[in-house]
Each structure stands twice: as structure tokens, then as C-alpha cells.
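Readers should treat all values here as calculations from the given coordinates under stated rules, not as data from a laboratory. Just so it is clear, the model here is predicted, and its values are computed rather than measured. Note: ideal-geometry Cβ built from the backbone for every residue, glycine included; neighbour counts use all protein chains shown.
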Amino acid sequence: MEINERNIKVWSTIGTRATFGMAALELAKKYDDLIVLTCDVSTSAGLDRFRKTFPEKYIDVGIAEQNMIGIAAGLASENYKVITTTFTPFQTARCCEQIKVNLGYMKNKVCMVGIASGLALGTLGYTHCSIEDIGIIRSIPGISIISPADGLETVKALEAAINYETSCYLRLTGISNNPIIYSKDYKFEIGKSIKLKEGKDITIICCGAVVHECLRASEILETNNVSCKVINMHTIKPIDRNVIKEAVKTKLIVTVEEHNIIGGLGSAVAECKSELKDTPAQLSLGIKDTYDKGGEYNFLKEKHGLSSEKIVNDILQKIKFQNEQ
Amino acid sequence: MQEEKKLEYLDKIKKFSVNVRKNILKMALSAGSSSAHIGGALSITDIVSTLFAYKMNFEKNNPLDENRDRFILSKGHACLAYYAALCGIGYISEEELNTFEKNESNLLGHPVINKELGIEFSNGSLGMGLSLGIGVALSSLKKKKNFNVFVVVGDGECNEGSVWEAAMAAPNFKLNNLHVIIDRNNFQQTGSNKEIMDLGNLKDKWKSFGWDTTELDGHNLTDLINYFSESDTINKPKAIVANTIKGKGFSFFENNNNWHHAVLTKSLYEKAINELQE
Amino acid sequence: MSNNKKLQEIFLESLDIKEDKFNEGLKYNEIPEWDSIGHMSLISAIEEKFSITMETDDIIDFNSFQKGQEILESKYQVKFE
């Protein structure tokens, strides 16, 4: 698939799930030994075209996630390039132990793609939301975790992941009409965060679809005389320690994620920061360890403080609090 | 198969199984107070011996041969039999066997993946081996290599839902090269299957899931040879419910669930070795 | 170029089909290329080439070439002969 303005716009319109489906189709044309496994989610993952075009590279195991991971590992042990996908809670929590044993412990290389992560399916309730997945996968050695910010990053991350040295977990967030962060091609490397905006007062470290909200928030903060650096930490593990070392030179670190503030990006940044001397405070924004009432995506983002306005408010409050101390 | 040939194989498997039992005892003794899963290793010994000494294709001195038949010990705690069998085919040395459960050993109380030693996967968390077997069997068919895959699961292990996910999938994927051998020794960790979670009619269950299912005596080498000599002609995934005795081969182990995981003392070791030599 | 021809060309290009697969009676899902993903590609191209932004309801209602022409004409000031 060419990386051009038209395709970038299509990927934005269709959302990261369907973009993944399109990207997987292109990869199947390029890699003979690619196999995609799903749990009865072909349409939801944009894989209908893939299924029809490459039936021999597509395996649907039915609603059986533990079996899917075992089969994927078996295929990977025989040197296939393997992608698994289903909705994130089932891709991560349901088959967590299979992931630990088959991918972490045995190091069979598989790329897992969790679709509709975070709050995307909030109208279906929290069984279909995922605010724990980064925390779960992070504590399994040997699995890299990537959360692309937009459609183009999803395309680039997928190809990078299937060629990476470890198993990967791709956390896809957002819904259709997913805002564009990257409007043209750029260099993507697993483990290397991307500075989207320079700034000297505070640093916002974020990942996934909320990157867009953070960029908007940083623009609003500029009008409040707060200069923000915005870092797209697309790879949560291995985390980019160098950028955190730089970030602690600013007066406040803010982490923003569509995930529990326990266990995810915020925790990963805090762990790294805690090793450094004389660092500023960290404000961790995300879901505050609760399953609350469900609702539509934008409504839930607002409720959990992940809209640009709420992010601005929280940051300004924190700065005020710091200044008063 | 000609009678003469069959007798030859019988003799080969019998000798192999005696060595496996001997090495199980040796490793269990060396494990000392760490204990060892003796009962479940002995119940699969004759099955494992038939597979390694007769049925499975593999290359001498080449554990990584792409065309090898694959063996997956889903009931990983029975690994004493697995390690002893791998020693029997020359992939693991007797010296290596002596390192069983020692610090940083390659041979722990559950198999740890080490393909150079012939250990295909790290099994032990129950319910996962059959799914791995499906992935490997699929690969064999896709690459047109047509090697066989043998997965040994425990009867207690069939409590795990993940076993049935795999059981449902294999016939759907038409994996004619996949075998599951259920070690029906009627016991699990803290009691009999009947006491803990009655499995009902296992043969019917596997059959209803679409497997070609056979029930046989897991210690009758003739029955085992007869089955495996014809099994390649069956065009379905194959389930073998093998009726076995936990602790088989030694009078004081047999059907004694205390030997699920226990310490083998020197005196009991001597007693067992004597029985083996009779 | 007439808008009719322009729209046809958009169909050919964004669905990546040759003229022999196209006719003015073409309906959504009638050919494999015009599936949900093809549809998004098509709408994106239409918006770009006619400099419009379509509403969700109209994107969903756009289920054939002819219906598309009707929608574009009645709501987006695109004149077809």
C-alpha cells in the first residue's frame, strides 16, 4: 500500500482496526510465510478481504483464544510469521497464561494485535473494554508492546512488529474517523519514541489514539503560557529511557493513556523516572482504577479525563498546586 | 506386519522400556528431597517406549531434522519418561540425566524447551500441549512434509477447558497427522478422577468431537504395535484412550497415588531396581 | 469533463477496477472490490475530487452508482446531465 495522502485519509476514516486488515493483506502479498489467526472476528478486524484473497494464510479457530495462542506458537516454532487478533480483552487477559508460557517463556515469536482497546466499545460495557492489557503483558518478559497513534503508524508498526526480534503486542485504539497524526511518511522504529512537539515547561508522554487529544491540549496550554513537549511513546516496552532522561529536565511529566493509571504507560514511565536523581513530579492521566458505567467512546474519554479540555484542566491544576507548594 | 518382524519390534520396545524405567528411578533418586513425579511417568512409559523405539521417525544425532515426527508431552510433569526416552534415542546423555532438577539444569521437573536435546516445548502448565500440536501439525500439512505429531495428555488434564478447544479444532482442520494419547491412569494430583472430577466416558467424548477414537491397554505392547502399525491409514485426527496404571512396573508404586509426586529413598530405589531385574 | 464521467473515473480508480467491471447500475457489494473498505476509499476520493465533506447518513445511503448521483446532486450541488 502506498503511503500517500489519499490512503492516509482512508485509514483515518476507517479506523485502526480496518487499517490493520488492509495492512495485513498487503503483508500477505509480500511474505509467503505469513499466517493470520483470528477468533471469529474477521469482519471486526477488517480481514474479510484477507480471508477471501489468501484463504490458505488465514485460520479462524472460533471463539477459543487459548487455543489460538497455542496454535500460533506451534506455527511460529515451525518458522511461520504469525499474527493473531481478536478484541483486546480476549487477546490479552483471556489467554494470558498461554501468552506467558508460549510466547514469553518459550520465546515462540508471534505478533498479537488487540483490536478496540481501551474504551472504544464502551457502549457494550467493560467486558469489551480493555484498561488492563498493557499492565498484564508488560509483566511477561520477552514481549514488546506498541500502541500506534493513528492509521499510518498502525501500518508501519505492523510490518515492524512481524520482523522484530521478539513477540509483539500491538494495542489498537480509537474508532472510525481516527484523527491523523502523521500526514506523510516518517521513520518508525520500535523502541524509539517520537517527539511531536518541542516545549520547555512540561512534557506530555502519551500513546495511542489519545495522542491527538494531547496535541490539542498542548496547543491550548500554549495559550496559557505553558510550553509543552509532546512525546508519542508508541512503544511502551521496551520504553525509550533516553527520552525520559530528557523529560525530567522539564518541570512536570504528564503521562496520558487510555488505560488504567496502574500498570500501563504511566507506571512504566514512573519506574524509569524513579531511578533518576532530582526529578519533577509525574501526573498520570488515564482511567483511575475503576469500572464505571459504560457509554459511547467520546463520552467515556471525557468522563475519564482523556479529552483535550480535561487534560488541560488537570495539568493547569497540577501546575497551580506545584507553584503553591 | 510379519509375525517375525513384530516379535523383533516387541523385543526392542521391551528393552527400551526397561531402560526408561531404570532411568526414571535413577533420576527420581538423584532428585532427593525435591521429589519427583514418578507415578505419571511410569504410566506412560510403555506408550512412550512404543513411540520412540518403534513408531516415530527421527534422525540419529539430528534432533533438529525438519522431517522428524514431533512428540509433545502436554502432561509435562511426566517428564522423567520423556527425558529417559530422549536418552534412549541418544539425544540426551546419561550424564545430562544426572543433572535432573539440579540448579540451572536443562532438565527440570517440567520440560523446558531445548530443541538441541530433543525437547520440543516447555510443557507443564496443563491443557496447552494439544494446541501446540495443532499448530505444528498444520505446519506439516502446509509445507507438505507430512510428519506425524504425537501429544500425550493426562486424564486429569482433560479437566482443562483448553483441551476441549483444541479437541474441537483438530477435526475441523482435518489434521490426519495429529495423535492425542490420553493417559487414562484414573488418578490426578489429590485423588482419583472419580473423586475429584469424574471424566465419564472419555472415548465417547473424544469420538463425539470428531476424532477417530480407540481404547486400548497402554501397557500391552502388542496392542500398541498393532495400533500404530495401521494408524497412518486412518484419515482423521486420532485419539487413543490408553488405559494405564499409575506407577506401572513396580508393585509398591502401582495405583498408589502417594507416588504422584514423592521422594524416592535409597532403600526403595534398591527394591525397585530389584523388581526391574526380575 | 462532465461530472458523470468524473464520477465514473473515481469509481474505477478508487475501487481499482477496469471499465469492464463497471456499469451505471453498479451496486454496493455487487463486486468484491466494492466492500466496506472499498466504500471508504470511494467516499474519500469523491470528497477530495468534488471538494465536499459528506455526512454519515449520506455515506451509508450511497449504495449504488445511481443513488450516489442522486445524493450528490440533491445535497452537495453536484450537477449531472
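Descriptive notes on the structure:
- Take the Cα of C:GLU19, step 7 Å toward its Cβ, do the same at A:LYS320, and the gap between the two points is 6.8 nm.
- Largest first and in whole Å, the equivalent-ellipsoid semi-axes of region B:1-105 read 25, 16, 12, each the square root of five times a Cα gyration tensor eigenvalue.
- Adding -39500 (n - 2.57) for every DSSP H run of four residues or longer, then dividing by how many residues chain B holds, sets the calculated 222 nm ellipticity at -12500 deg cm²/dmol.
- Set of aspartates and glutamates near B:LYS5 by C-alpha distance (under 20 Å), chain-local residues within fewer than 8 positions excluded: B:ASP46, B:ASP223, B:GLU230, B:ASP232
- Of the three principal axes defined by the Cα atoms of the protein assembly as shown, the extents in descending order read 96, 73, 44 Å.
- Region B:77-231: translational diffusion in µm²/s, Stokes-Einstein, Kirkwood Rh over Cα pairs, 4 °C, 1.567 mPa s: 76 µm²/s
- Of A:LYS52/C:LYS67; A:LYS29/C:LYS49; A:LYS52/C:LYS79; A:LYS52/C:LYS6, those spanning more than 32 Å from alpha-carbon to alpha-carbon: A:LYS52/C:LYS79
- Listed by chain and number, the lysines whose alpha-carbon sits under 16 Å from that of B:LYS145, ignoring those within fewer than 8 places in the same chain, are B:LYS174.
- Scanning residues 5 or more positions from B:PHE71 or on other chains, those with amide H under 5 Å from its amide H are B:PHE150, with H placed 1.01 Å from N in the peptide plane.
- Relative to the dominant Cα principal axis of chain B, helix B:38-50 is inclined by about 50°.
- 3J(HN,Hα) along region B:85-102: 5, 5, 5, x, 9, x, 7, 10, 7, 5, 4, 4, 4, 5, 8, 3, 6, 7 Hz, from the Karplus curve 6.51 cos²θ - 1.76 cosθ + 1.60 with θ = phi - 60°, whole Hz, x for Gly and Pro.
- For region A:5-171, the convex hull drawn through the C-alpha positions has a volume of 101 cubic angstrom per residue.
- For B:ASP183, net neighbour charge (Lys/Arg +1, Asp/Glu -1) across residues whose Cβ lies under 13 Å away: -1
- Ranking A:THR235, A:ILE137, A:VAL248 by how far each Cα lies toward the positive end of the dipole of chain A (charges on Cβ) leaves A:VAL248 at the top.
- Listed residues A:PHE188, A:PHE20, A:PHE50, most fluctuating in chain A (Gaussian network, C-alpha, under 10 Å): A:PHE188
- Viscosity 0.692 mPa s, 37 °C: Kirkwood-radius Stokes-Einstein D of region C:3-76 over Cα pairs, µm²/s: 271 µm²/s
- Region A:1-65 shape via C-alpha gyration tensor axes, a/c threshold 1.5: oblate
- Taking every DSSP helix (H) stretch of at least 4 residues in chain A, weighting each as -39,500 (n - 2.57) and dividing the sum by the residue count yields a mean residue ellipticity at 222 nm of -11000 deg cm²/dmol.
- Cα-based shape type of region A:46-98, given that a ≥ b ≥ c are square roots of the gyration tensor eigenvalues and the cut on a/c is 1.5: oblate
- FRET efficiency for the pair A:LEU124 and A:ASP278, taken as 1/(1 + (r/R0)^6) with r the Cβ-Cβ distance and R0 = 45 Å, rounds to 0.50.
- Principal-axis analysis of the Cα atoms of chain B puts helix B:161-172 at an angle of about 40° to the longest axis.
- Volume per residue that the Cα convex hull of chain A spans, once the total is divided by residue count, Å³: 120 Å³
- With a Förster radius of 22 Å applied to the C-beta separation of B:SER33 and B:GLU104, the computed FRET efficiency comes to 0.75.
- Residues B:TRP259, A:TRP11, ranked from the fewest to the most other C-beta atoms within 10 Å, line up as B:TRP259, A:TRP11.
- Between A:ASN163 and C:ASN3, the simple spin-label model (points 7 angstrom out along Cα→Cβ) gives 4.6 nm.
- Relative to the compact-globule estimate of 2.2 N^0.38 Å, the Cα radius of gyration of region A:86-236 comes out at 1.08.
- Long pairs among A:LYS81/B:LYS143; A:LYS57/B:LYS75; A:LYS9/A:LYS303; A:LYS9/C:LYS18; B:LYS115/B:LYS248, criterion Cα-Cα beyond 19 Å: A:LYS57/B:LYS75; A:LYS9/A:LYS303; A:LYS9/C:LYS18; B:LYS115/B:LYS248
- Among A:ASP32, B:ASP69, sorting on how many other beta-carbon atoms sit within 10 Å of each Cβ, with the fewest leading, yields A:ASP32, B:ASP69.
- Shape of region B:1-62, Cα gyration tensor, a/c cut at 1.5: prolate
- Counted charge near B:THR213, where neighbours are those whose Cβ lies closer than 13 Å (Asp, Glu -1; Lys, Arg +1): +3
- Value of relative contact order over region B:183-278, rounded to a whole percent, pairs C-alpha under 8 Å and six or more apart: 30 percent
- Pairs of Lys in region A:85-187 closer than 30 Å at Cα, counting only those 8 or more apart or on different chains: 8
- Residue-count net charge about A:PHE321 - beta-carbon cut-off 13 Å; Lys, Arg +1, Asp, Glu -1: +1
- Among A:LYS184, A:LYS100, A:LYS301, a tally of other beta-carbon atoms within 10 Å of each Cβ gives an order, fewest to most, of A:LYS184, A:LYS100, A:LYS301.
- Coordinate range along principal axes, alpha carbons of chain B, Å, largest first: 51, 44, 42
- In this structure, B:LEU10 and B:PHE173 have a Cβ-Cβ separation that, at R0 = 35 Å, corresponds to a calculated FRET efficiency of about 0.50.
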